1. Which residue, chosen from His129, Thr26, Thr97, occupies the Cα position most advanced towards the positive end of the dipole of the chain, where the dipole is computed from +1 (Lys, Arg) and -1 (Asp, Glu) charges on Cβ about the Cα centre?
2. Please report the relative contact order for the chain, taking Cα pairs under 8 Å with a sequence separation of at least 6, and give it as a percent rounded to a whole number.
3. Order the following by accessible area, largest value first: Lys117, Lys33, Lys112. Probe radius 1.4 Å; ligands, DNA and RNA are ignored.
4. For all pairs of alpha-carbon atoms in the stretch 27-117, what percent lies in each bin of width 10 Å, listed from the first bin to the last filled one?
5. Counting other Cβ atoms within 10 Å of each Cβ, which chymotrypsin sites (Phe, Trp or Tyr not before Pro) in the stretch 99-129 have at most 16 and sit in a DSSP loop?
6. Compute a Gaussian network model of the chain, connecting alpha carbons closer than 10 Å, and tell me which residue from Pro113, Pro93, Pro11 fluctuates the most.
7. Give the distance, in whole Å, between the Cα centre of the stretch 43-65 and the Cα centre of the stretch 101-129.
8. In the stretch 1-109, carbon and sulfur make up what percent of the accessible area (probe 1.4 Å)?
Amino acid sequence: LEAHAPQPAGPARVLVVEDESELRSTLRRIFEKDGYDLMTAGSAEDGLALLESNHFDAVVPDIHLPGMDGTELLRRTRERYSELPVILFTGEPDVHTAIAAVEHRAFHYLTKPFRAKELMAVVGRAVAH
């Protein structure tokens, strides 16, 4: 039995914050294939600017970003948008980022490499939340 991500009524808008352009492109293809309206940012600062000027149903930042990291982006997102689901992901999981994720109520903490189906299932639950 396979679990499918719930489909958004209209296209749900998701913000992905990832500094590696190749991974941003891959994530764009995955999200758009599943019918999401995706916006991307290459830094946490750019992600915050997009949060200020757009409505999002979920935010998916990498933890390791240049300048401000994903856990700080999560903290700042919580200050302004307390209920917006934030799904952190990282290729270098550690106890400090996991603790920060819990403290600031991350919706989920994914470790790379992750499968597209796994990511989309988590995002689908976050958007339905």
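1. His129
2. 27 percent
3. Lys33, Lys117, Lys112
4. Reading the bins upward from 0: 16, 52, 30, 1.
5. Hits after loop and neighbour filter: Phe114.
6. The residue with the greatest mean-square fluctuation here is Pro113.
7. Using only Cα atoms to place each centre, the spacing works out to 15 Å.
8. C and S atoms contribute 51 percent here.
The values are calculated or read from the model by the stated rules, or taken from the named source; none is laboratory data. Model, not experiment: these values are computed from the prediction. Backbone-built Cβ (ideal geometry, glycine too); neighbour counts: all protein chains shown. Areas reflect the complete protein model, heavy atoms only, side chains present, ligands, DNA and RNA absent. Shrake-Rupley method; radii C 1.70, N 1.55, O 1.52, S 1.80 Å.
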